[in-house]
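First comes the structure, then the notes that go with it.
The values are calculated or read from the model by the stated rules, or taken from the named source; none is laboratory data. No experiment lies behind these values; they were computed from the predicted model shown. Ideal geometry is used to build each Cβ from the backbone, glycine not excepted, and the neighbour counts take in all protein chains shown. These accessible areas exclude ligands, DNA and RNA; they are computed on the full protein's heavy atoms, side chains included. Shrake-Rupley method; radii C 1.70, N 1.55, O 1.52, S 1.80 Å.
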Amino acid sequence: VAITFPRPVSVAAVRAHLVRHEGYRTRPYRDGTGWSVGVGHSLTAHGERPRWDHPYTEREIERWLVEDYCWAIDASRKGIERFDSLPHDVQLVVIGVAFSVGRTGFERFKGFRLAVSYRAYTMAASELGLSRWANQVSPNRFNAYLRILRAQP
């Protein structure tokens, strides 16, 4: 029987996870809080107006993605006790939630963050289900996150 130990999630895994769940768009689109572009980059939250005259460049989108996922990883580490010791998939869920709800929103996910900190994954899934976020994200993403949390021992 091989014993595996949790490890910090890789940036490549975070990037792939976010692109899969957020999508990749070079033109602005409406989201729950205003306008976004790229991989879920909120133009509105950053005080930026949508640009309509030409698509956003790959370089712009990549720069925002790196800034945004670095923030989400940092917020996850600050908001969850022993974050780096969580199972890999749970780390991705936490980062995905932080990325999706943004800077102020993640602070309001107190029940979710506390449940994950205590490794009470079923409770964390319930907390996600009770949030407004549950109705704002795609059902596929929401259900995938619930499956991951509920599959933990």
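Averaging over all projection directions, find the projected area of the Cα convex hull of region 1-79 and quote it in nm² with one decimal place.
6.8
Helix-only estimate, please: 222 nm mean residue ellipticity of the chain, summing -39500 (n - 2.57) across DSSP H runs of length 4 or more and dividing by its residues, to the nearest 500. Each step should come with its number before you reach the end.
Values: 7 runs with 88 residues, N = 153.
For the chain, the value works out to -18000 deg cm²/dmol.
Working from Cα positions, state the angle (0 to 90°, nearest 10) between the long axis of helix 139-150 and the longest principal axis of the chain.
Tilt relative to the chain: about 20 degrees.
Normalising by the residue count of region 44-153, find the relative contact order in percent from Cα pairs under 8 Å and 6+ residues apart. Walk me through the intermediate numbers first.
Details: 64 pairs, mean separation 24.0, N = 110.
Once divided by the residue count of region 44-153, the mean separation gives 22 percent.
Between residue 25 and residues 5 or more places away or on another chain, which pairs have amide H atoms under 5 Å apart, with H built 1.01 Å from N, and which residues are they?
38, 39, 40
Give a residue-ordered list of calculated ³J(HN,Hα) values for region 102-107 (Karplus: 6.51 cos²θ - 1.76 cosθ + 1.60, θ = phi - 60°; whole Hz; x for Gly, Pro).
x, 4, 7, x, 5, 4
When Lys and Arg each count +1 and Asp and Glu each count -1, what net charge do the other residues less than 11 Å away from residue 46, Cβ to Cβ, add up to?
Details: positive: 49, 103; negative: 48, 67, 68.
So the surrounding residues net to -1.
Taking only protein heavy atoms into account and a 1.4 Å probe, give the accessible area per residue of the chain in Å². Walk me through the intermediate numbers first.
Working: 8890 Å² over 153 residues.
Computed with neighbouring chains in place, this is 58 Å² per residue.
Of the accessible area of the chain, with the probe set at 1.4 angstrom, what percent is carbon plus sulfur?
Whole-percent figure for carbon plus sulfur exposure: 54.
How big is region 1-144 in terms of Cα radius of gyration and Dmax, in angstroms?
15.6, 58
Arranged from highest to lowest average of other beta-carbon atoms within 10 Å per residue, in what order do the peptides 42-54, 88-100 appear?
Working: 42-54: 12.8, 88-100: 23.7.
Highest mean packing first, the order is 88-100, 42-54.
Nearest 10 degrees is fine. How inclined is helix 121-130 to the longest principal axis of the chain, computing both from alpha carbons?
That helix lies at roughly 40 degrees to the long axis.
Rounded, prolate or oblate: which one fits region 63-137, using the alpha carbon gyration tensor with axes a ≥ b ≥ c (rounded when a/c is under 1.5, else prolate when a/b beats b/c, else oblate)? Before the final figure, lay out the partial values.
Working: a/c = 1.82, a/b = 1.19, b/c = 1.53.
Taking the square roots of the gyration eigenvalues as a ≥ b ≥ c, region 63-137 is oblate.
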